[in-house]
1. How many residues are in contact with a Leu (Cβ under 8 Å, 6 or more places away or on another chain) and among the aliphatic types (A, V, I, L, M) if we restrict to segment 1-45?
2. Looking at the structure I just gave you, is GLY69 among the small types (Gly, Ala, Ser), assigned to a helix (DSSP H, G or I) and loosely packed, with under 10 Cβ neighbours inside 10 Å?
3. Being basic (Lys, Arg) and at pLDDT below 95 is true for just one of LYS16, LYS8. Which residue is that?
4. Can you find a residue that is in a helix (DSSP H, G or I), out of contact with any helix residue (DSSP H, G or I) (no Cβ under 8 Å at 6 or more places or on another chain), polar (S, T, N, Q) and free of Cβ contacts under 8 Å to residues at least 24 places away in the same chain anywhere in segment 40-56?
5. Among the listed residues ARG37, ARG31, identify the single one that is out of contact with any Phe, Trp or Tyr (no Cβ under 6 Å at 6 or more places or on another chain), among the charged types (D, E, K, R) and at pLDDT 95 or above.
6. Being touching a helix residue (DSSP H, G or I) at 6+ places or on another chain (Cβ under 9 Å), in a loop (DSSP other than H, G, I, E, B) and not polar (S, T, N, Q) is the filter here, so list the residues in segment 4-27 that pass it.
Amino acid sequence: MPAFNPYKTIVDLEEKSCVQNVGARVDLDGRRRQFYRITETGKDVLEEMLHTVEHVSHRVQQIAFALEGEEA
């Protein structure tokens with residue numbers, strides 16, 4: 001299983017117009033920090049994903065309740 005790569009994920013999100021790079025700064029410790037903002041497209045994608053998760057969660061609950069009923 002491949003390791004999670006946050007930098008690749010950010011690049012993918014930028015390519016899909018889900019996030020936008022809004023600049024960088026160097027902290028006092030010398031580390032460079034990049035800042036990103038979610039776009040309207042990103043908000044739409046996130047909302048759709050949350051809707052899907054809610055739907056799956058609801059279906060899992062229905063199955064669990066049905067299985068509990070079979071055990072009784």
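The values are calculated or read from the model by the stated rules, or taken from the named source; none is laboratory data. Source: prediction; values computed, not measured. Neighbour counts run over all protein chains shown; Cβ positions are idealised from the backbone, glycine included.
1. Total meeting the criteria: 2.
2. When the stated conditions are applied, GLY69 passes them.
3. Step by step, each of LYS16, LYS8 is checked, and only LYS8 is basic (Lys, Arg) and at pLDDT below 95.
4. yes
5. ARG37
6. LYS16, CYS18
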